[in-house]
Amino acid sequence: MRKINTLQKISVVSIQLVKEKSLAYGSKQINCPGDAAIIAGEFLAGADREHFVVLCLDTKSNINALNTVSVGTLNSSLVHPREVFKAAILANSNSIILCHNHPSGDPTPSREDLDVTKRLVEAGNILGIEVIDHVVIGDNGKYVSLKERGMMVASDQERG
């Protein structure tokens, strides 16, 4: 029998979602990529660096949380599935919409944007939280919806 000489402390934790503030907007329901682009565009207006945010949606496509996942540099941000889905899980979300801005004003998706989207779609499939779209925000109301452009391909779809 093993004898315990010293007691080790184990952290006992609880996890909760903390509401920081509210944003006023006409409707919380997302019916099309343009709705997500308007909300994310207003939230990210004037940002001088790339911000990656997640719109967390309930089963009726109403936004139940908006979370800033990452604030990056002028042309990149570090995004990991762990941080992307943390708020979605805590908010009991059914699905999410990924959004980020391009401070250059040009919403054309980069290769990195496509790669991170693919990775997050795969992670969402595992977790049971669908990634509905990834919207890239530019200047003057311009945006690109990867879903509208047929760029939301998960590896199961690629295999055919």
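The values are calculated or read from the model by the stated rules, or taken from the named source; none is laboratory data. Given the structure is predicted, the values throughout are model-derived calculations rather than measurements. Cβ placement follows ideal geometry from the backbone for every residue including glycine, while neighbour counts extend to all protein chains displayed. Side chains included, ligands, DNA and RNA excluded: accessible areas come from the protein's heavy atoms. Shrake-Rupley method; radii C 1.70, N 1.55, O 1.52, S 1.80 Å.
Structural remarks
- Estimated FRET transfer efficiency (ASP48, GLU20; beta-carbon r; R0 25 Å; 0.05): 0.75
- Backbone N within the range 29-46 under 20 Å of label point (7 Å from LEU74 Cα along the Cβ vector): 45-46
- At a probe radius of 1.4 angstrom, the accessible area of the chain per residue rounds to 65 square angstrom.
- Based on Cα contacts under 8 Å between residues 6+ apart, the chain shows a relative contact order of 21 percent.
- For the chain, pairs of C-alpha atoms spaced more than 18 angstrom apart make up 60 percent of the total.
- For the range 31-80, a Kirkwood radius taken over Cα pairs fed into Stokes-Einstein (37 °C, viscosity 0.692 mPa s) yields D = 278 µm²/s.
- Farthest positive-ward along the range 33-148 dipole, Cα basis, beta-carbon charges - from LEU44, VAL54, ALA88: ALA88
- Whole-angstrom gap from the range 74-94 to the range 95-158, using each part's C-alpha centre: 13
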